[in-house]
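Below is one structure, written out as structure tokens; the observations come after it.
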Amino acid sequence: MNNNISVIILTYNEGKHISRCVKSLKSIADNIFIIDSYSTDKTVEIAESLGAKVYRNKWPGNHAAQFQWGLDNCSIETEWVMKMDADEYVTDELSIEIIRDLKKTEPDVSGIYIKRRVFFMGKWIKYGGYYPTWLLRIWRYKDGQMEQRWMDEHIHLSKGSTIQFKNDIVDDNLNNLSWWIEKHNNYATREAADTLNTIYSFSLSTGVVPNFWGTQEQRKRFLKLKYVRLPLFVRPLFYFLYRYFIKLGFLDGKTGLMWHLLQGFWYRLLVDCKIFDIKRRANILNAEEIKTVLKNKYGVDWDND
């Protein structure tokens, strides 16, 4: 195979998903690299049995640092790199498109956007502004780095233009709702830290530049800057109402109601509650005191970012 592309996947106890993910990539990837955080299930055995190359690295606290470790340490020899999550898979249509079109990409193109199709409880979430979500998932290895953030990280290109492919990757997690809630509880801690960094500038790392008229992640970053300036506890309600009514989330039915309530309201409210708690615990409301609370009570250490 010579499609000139390698894929990196981060894993921890992804035994339910890794076979589906790797098998969907076999026809397109020259190499599939697994960066495993010492899984205790059969993730590694399954991945290796399917021909993936497994590297192990202790979890550094966030996806951005772990993924950049993979970029820095995997034996990548291809021109292109693709980022995948273990609970995602590539559609047959996208596989054909990558095989057909990647080699014809113009030399000035450094990145390729792909649509993500999210499933929740077995249902495709089509409304509420959730589809299509365009993500920079394929890029020239020498031209891209992972921006270092605790949440909502993206690949930052040093040069070149971007294009869009027509077909989708699918995000379909097979775990139960209790797992989903625990996962988003952990996400909320990182989101709170990232929000406080926006306000207090703990880290000045460069990355995606906010721009309402730019790419989807630039627009999202711009809107998040506006969002954090809204009052605590009020903004999650505004966001849910916007998604559910203005962006037609109600058309996703009963499952969509659960998704938009949990992901669009409950999760955002939890983030605000954690921000409130962090500020409450800070004796003096300044950046250094808040960083201390984040480190001691929430395990988020900006100094080791």
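The values are calculated or read from the model by the stated rules, or taken from the named source; none is laboratory data. The structure displayed is predicted, hence computed values, not measured ones. Cβ atoms come from the backbone with ideal geometry, glycine included; neighbour counts cover every protein chain shown. These area figures cover heavy atoms from the full protein model, side chains too; ligands, DNA and RNA do not enter into them. Shrake-Rupley method; radii C 1.70, N 1.55, O 1.52, S 1.80 Å.
Check region 237-257 and report whether any residue there is small (Gly, Ala, Ser), surrounded by fewer than 15 Cβ atoms within 10 Å (Cβ to Cβ) and more than 20 Å from Glu147 (Cβ to Cβ).
yes
Taking the conditions exactly as written (under 28 Å from Phe276 (Cα atoms), surrounded by fewer than 16 Cβ atoms within 10 Å (Cβ to Cβ) and in contact (Cβ under 8 Å) with a residue 24 or more places away in the chain), does Ser201 satisfy them or not?
Yes, satisfied.
Considering only region 78-94, I want to know if a residue exists there that is without any contact (Cβ under 8 Å) to a residue 12 or more places away in the chain and within 26 Å of Tyr131 (Cα to Cα).
Scanning region 78-94 turns up at least one residue that is without any contact (Cβ under 8 Å) to a residue 12 or more places away in the chain and within 26 Å of Tyr131 (Cα to Cα).
The rows are residues; the columns are (1) more than 26 Å from Ala193 (Cβ to Cβ); (2) assigned to a loop (DSSP other than H, G, I, E, B).
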site: Ala47; (1), (2): yes, no
site: Gln66; (1), (2): no, no
site: Ser75; (1), (2): yes, yes
site: Lys83; (1), (2): no, no
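Checking Gln164 against (1) open to solvent by less than 50 Å² (accessible area, probe 1.4 Å); (2) within 18 Å of Arg219 (Cα to Cα), which test does it fail?
So the condition that Gln164 fails would be (1).
Does any residue in region 183-196 that is without any contact (Cβ under 8 Å) to a residue 24 or more places away in the chain come within less than 9 Å, Cβ to Cβ, of a residue that is open to solvent by 10 Å² or more (accessible area, probe 1.4 Å) and not small (Gly, Ala, Ser) six or more places away or on a different chain, and which pairs are these?
What qualifies is Lys183/Asn173; Lys183/Asn175.
Give just the number: which of (1) more than 14 Å from the chain's Cα centre (by Cα); (2) surrounded by 16 or more Cβ atoms within 10 Å (Cβ to Cβ) does Trp213 not satisfy?
So the condition that Trp213 fails would be (2).
For a quick check of your reading of the model, give me the residue pairs whose first member lies in region 238-249 and is within 14 Å of Lys126 (Cα to Cα), whose second is part of a loop (DSSP other than H, G, I, E, B) and open to solvent by 30 Å² or more (accessible area, probe 1.4 Å), with beta-carbon atoms closer than 6 Å and at least 6 apart or on different chains.
Arg243/Gly129; Lys247/Gly129; Leu248/Tyr127; Gly249/Tyr127
Tell me, yes or no, whether region 7-28 has at least one residue that is closer than 19 Å to Arg137 by Cβ and among the aromatic types (Phe, Trp, Tyr). Even if it seems obvious, please write down each step before you answer.
The initial filter retains those residues of region 7-28 that are closer than 19 Å to Arg137 by Cβ, namely 7-11, 14, 17-18, 20-28.
Among the residues that remain, those that are also among the aromatic types (Phe, Trp, Tyr) are: none.
Scanning region 7-28, I find no residue that is closer than 19 Å to Arg137 by Cβ and among the aromatic types (Phe, Trp, Tyr), so the answer is no.
Testing Leu223 on (1) in contact (Cβ under 8 Å) with a residue 12 or more places away in the chain; (2) open to solvent by 50 Å² or more (accessible area, probe 1.4 Å), one condition comes back false. Which one is that?
If we test Leu223 against (1) in contact (Cβ under 8 Å) with a residue 12 or more places away in the chain; (2) open to solvent by 50 Å² or more (accessible area, probe 1.4 Å), just (1) comes out false.
Filtering region 24-36 down to residues that are assigned to a loop (DSSP other than H, G, I, E, B) and open to solvent by 20 Å² or more (accessible area, probe 1.4 Å), which residue is nearest to Glu14 (Cα to Cα)?
Here is the first cut: in region 24-36, the ones assigned to a loop (DSSP other than H, G, I, E, B) are 26-30.
Narrowing further to those that are open to solvent by 20 Å² or more (accessible area, probe 1.4 Å): 26-27, 30.
Numbers: Lys26: 18, Ser27: 21, Asp30: 22 Å.
Once the filter is applied, the top-ranked residue is Lys26.
Looking at Asp152, Asp171, Asp194 in this structure, which one is part of a strand (DSSP E or B), open to solvent by less than 70 Å² (accessible area, probe 1.4 Å) and out of contact with any Gly (no Cβ under 6 Å at 6 or more places or on another chain)? Walk me through it before giving the result.
Numbers: Asp152 fails: part of a strand (DSSP E or B); Asp194 fails: part of a strand (DSSP E or B).
Of Asp152, Asp171, Asp194, the one residue that is part of a strand (DSSP E or B), open to solvent by less than 70 Å² (accessible area, probe 1.4 Å) and out of contact with any Gly (no Cβ under 6 Å at 6 or more places or on another chain) is Asp171.
Quick one: in region 40-64, which of the residues that are within 27 Å of Lys295 (Cα to Cα) and in contact with a strand residue (DSSP E or B) (Cβ under 8 Å, 6 or more places away or on another chain) is least open to solvent (accessible area, probe 1.4 Å)?
So the residue we want is Ala64.
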